[in-house]
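Here the structure comes first, spelled out in structure tokens, and everything after it is commentary.
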Amino acid sequence: MHAPPWLVPTAAYIHVPFCAHHCGYCDFAVAVGQDERIDAYLDALEIELAGLNEPQPMETLFFGGGTPTYLPHRALERLLKITLRWLPLRDGHEFSVEANPSGLDAEKIALLADFGVNRLSLGVQSFEPTLLRVLERDHEPDDVRRVLEFIRPRVGNVSIDLIFGVPGQTAGQWHNDLARGLALEPNHIASYGLTYEKGTRLWKQRERGDVLALDEDSEHTFYLRVMETLEGAGFEHYEISNFARPGFRCRHNQVYWANHAYHGFGVGAARYVQGVRELNTRDVRTYIQRLKSGRAPTFQSERLEPRERAMETIAVQLRRADGVNREEFRTQTGFTLEELVGPALRELEEQGLVRDHGTGITLTRKGKCLADAVVMKLMR
Ligand code: SF4
């Protein structure tokens, strides 16, 4: 019998922290101006992967960052080789790589495709030069079309990221961004509201009053607009921030939203294996030093109690259009929804935020706009 997917991973994430420059809003584990550490980083990553002891076949792989495609050709090839040595792909796999329009070339795309990469997630964010500057992105709007010309023949499955709620962004600009995004005919669009993560340059600018955050009403309007526009264009709104043409949901990310198990390697990477959540150190130097001296790169480790794990499962599964299925939830967690959140659920249903289908629950449209508040209410 197969081990259940919430205990044993069939998905793996590899973090590549290197970037050409640090965008002002970015709070990921990023290494800028540290290119001399790329080889040592790959040495360390290889040690971490070898900790698996034997190759573990994966259904999905995801290279994220940072900017994986920022690596020079030779380093990118080594990354692909060491990953596939320990995490070979099963038939019918999904292998996604995040890329930025700047610094991408046809040779890197050919290399990725030769090693089985079949999905590319492109950090577009906006087509408005002024907004790209507010975000401190280092590409021009036209770069996107240019890189797609050599991406498409080798990697046909393309997702783009678009951000809304950027300081100074107007409804017209957002409408234009969505229209230009759709005109590129991607299979998938991830659309996130901008967040001000503590400590980022953008957060400091807002604290000083140098930039003015959009008010909540505008953000809701922008979010409603993205739902209407993309659903109207035939996209399935399958997760709060993610839209896919039929058949093109991101299989890897669906593992997170199911609260299933996944591997994570590299600086700042998270993993969830056999009910234990772990987080690697976010510092590249520490990551390298630890692995080279035979120590684990783990910075935090916690085994969740069954009840905590079940509550977390509700929180992440509610993000999906498929919501929480009662029977699957019981099999996965050993609890019923009613015993955990019954009264809160009824209240949320009365408020029109959650819909109870009998077989399961989903967020309503209003609930999607207030998803964080709905989850908080359930977790109380
Ligand atoms: S390119 Fe992406 S990962 Fe790198 S700094 Fe910008 S937002 Fe962060």
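The values are calculated or read from the model by the stated rules, or taken from the named source; none is laboratory data. For clarity, every value in this text was computed on a predicted model and none was experimentally measured. Please note: Cβ atoms are built from the backbone with ideal geometry, for glycine as well, and neighbour counts cover all protein chains shown. Accessible surface areas use protein heavy atoms only, side chains included; no ligands, DNA or RNA. Shrake-Rupley method; radii C 1.70, N 1.55, O 1.52, S 1.80 Å.
Worth pointing out:
- Within the option set 375, 316, 267, being outside any helix (DSSP H, G or I) and of a type in the set (A, V, I, L, M) holds for one residue only, 267.
- Any chance residue 290 is buried (at least 19 other Cβ atoms within 10 Å of the Cβ), farther than 25 Å from residue 380 by Cα, at pLDDT 95 or above and touching a helix residue (DSSP H, G or I) at 6+ places or on another chain (Cβ under 9 Å): yes
- Of the residues making up the stretch 289-310, those that are within 24 Å of residue 35 (Cα to Cα) and out of contact with any Pro (no Cβ under 9 Å at 6 or more places or on another chain) number 9.
- Contact map, the stretch 1-25: residues that are touching a residue at least 24 places away in the same chain (Cβ under 8 Å) paired with residues that are more than 16 Å from the ligand (Cβ to nearest atom) and basic (Lys, Arg), Cβ distance under 9 Å, separation 6+ or inter-chain. Pairs shown: 6/309; 9/271; 10/90; 11/251; 12/271; 13/271.
- Failed condition for residue 371, given (1) modelled with pLDDT of 95 or more; (2) touching a strand residue (DSSP E or B) at 6+ places or on another chain (Cβ under 9 Å); (3) open to solvent by less than 90 Å² (accessible area, probe 1.4 Å): (1)
- Within the span defined as the stretch 307-314, one or more residues are among the charged types (D, E, K, R) and open to solvent by 70 Å² or more (accessible area, probe 1.4 Å).
- Taking the listed residues 214, 224, the one that is open to solvent by less than 80 Å² (accessible area, probe 1.4 Å), assigned by TED's automatic domain parsing to the domain that holds residue 137, assigned to a loop (DSSP other than H, G, I, E, B) and not hydroxyl-bearing (Ser, Thr, Tyr) is 214, with no other qualifying.
- For residue 160, the conditions (1) under 14 Å from residue 123 (Cα atoms); (2) within 15 Å of the ligand (Cβ to nearest atom); (3) open to solvent by less than 50 Å² (accessible area, probe 1.4 Å); (4) modelled with pLDDT under 95 are fulfilled apart from (4).
- Among the residues of the stretch 11-22, just one is open to solvent by 20 Å² or more (accessible area, probe 1.4 Å) and over 20 Å from residue 285 (Cβ atoms), namely 13.
- Residues of the stretch 287-313 that turn out to be under 23 Å from the mean Cα position of the chain (by Cα), of a type outside the set (A, V, I, L, M, F, W, C) and assigned to a loop (DSSP other than H, G, I, E, B), as a count: 1
- Residue within the stretch 108-126 that is part of a strand (DSSP E or B), within 23 Å of residue 181 (Cβ to Cβ) and more than 14 Å from the ligand (Cβ to nearest atom) present: yes
- Out of 122, 112, 135, 87, sole residue that is open to solvent by less than 10 Å² (accessible area, probe 1.4 Å) and closer than 26 Å to residue 211 by Cα: 135
- Tally, over the stretch 322-372, of residues that are of a type in the set (D, E, K, R), within 26 Å of residue 251 (Cβ to Cβ) and in a helix (DSSP H, G or I): 7
- Taking the stretch 23-47 as the range and being open to solvent by 60 Å² or more (accessible area, probe 1.4 Å) and among the small types (Gly, Ala, Ser) as the test, only 33 passes.
- Test: residue 238 is touching a Gly at 6+ places or on another chain (Cβ under 8 Å), open to solvent by less than 30 Å² (accessible area, probe 1.4 Å) and modelled with pLDDT of 95 or more: no
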